[in-house]
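Report on one structure; see the data block that follows.
All of the numbers you see were taken from the coordinates with simple rules; none came from a lab. Nothing here was measured: the structure is a model prediction, and the numbers come from that model. In this analysis, Cβ positions are derived from the backbone assuming ideal geometry, glycine residues included, and neighbour counts consider all displayed protein chains.
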Amino acid sequence: MRVMLLKVLAAGLLFSMPSLAMAQWAPVEQVKTYTVSGSTGIELYSQIGEKGPLVGGQMRTIAHTDFKLLWSRNYQPQPDGSCKLVSARPSLTLIYTLPKAGKMPGALKAKWDAFAEGVRRHERVHGDMIVEMVKEIEAVSVGLAAADDPKCQKIRQDLTARLGEISKRNRERHRDYDKLEMNNGGNVHQLILRLVNE
């Protein structure tokens, strides 16, 4: 359930024509699935432990939300020798990895469907957090200026530092959310118990 942040690819592109600052955009979503099978909830959950997505290359989890982020940035030198970032347009792809079950008895299917829908909703919150992070980056970026920066180098360093702080806060949000959801009595913990209990 934990979110691993892909390397953020920042493309600082200089355009001859200024584009609209804070233009409307929407993320693209990709859904990947892995298949589990079994005749009981315990068997299904056991297969999740064997086949679920790897987080950090070592720990398997039920589901996973990742993202790819590219930026088109328009840095413009100003007549007074400063540099201004007049627009920053993101290209965001959210990547969800979710479990999918094969054929199973009817009573178990109802339990699985409730479990899978709960997991999907959990991951959707992670996706919403990523969108919020990108919007925060956009808000911080557009209009940012650096004095005495005719080659637009200082402004890039300043922006990188600000983005590091935003990314750190974002990772903490995801960790706190997972901790709340997966602790005893948490939503995901309850989903698991309802799936495996006969």
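Explain nothing, just the number: relative contact order of region 34-165, from Cα pairs under 8 Å at least 6 residues apart, as a whole percent.
Relative contact order for region 34-165 comes out at 29 percent.
Computed from the coordinates I sent, semi-axes √(5λ) of the Cα gyration tensor in Å equals one of (1) 44, 15, 12; (2) 30, 20, 17; (3) 22, 18, 16. Tell me the label.
Correct label is (1).
Could you list which residues have their amide H under 5 Å from that of L144, counting only those 5 or more apart in sequence or on another chain, with H placed in the peptide plane?
L85
If contacts are Cα pairs under 8 angstrom and at least 6 residues apart, what is the relative contact order of region 71-123 in percent?
Values: 35 pairs, mean separation 13.6, N = 53.
For region 71-123, the relative contact order is 26 percent.
Can you give the helix-only mean residue ellipticity at 222 nm for the chain, where every DSSP H stretch with n ≥ 4 adds -39500 (n - 2.57) and the sum goes over all residues, rounded to the nearest 500 deg cm²/dmol?
Estimated from H runs of four or more residues: -15000 deg cm²/dmol.
Compare the Cα positions of Q78, W25, T35 along the charge dipole of the chain (+1 at Cβ of Lys, Arg; -1 at Cβ of Asp, Glu; about the Cα centre) and return the one farthest towards the positive end.
Result: T35.
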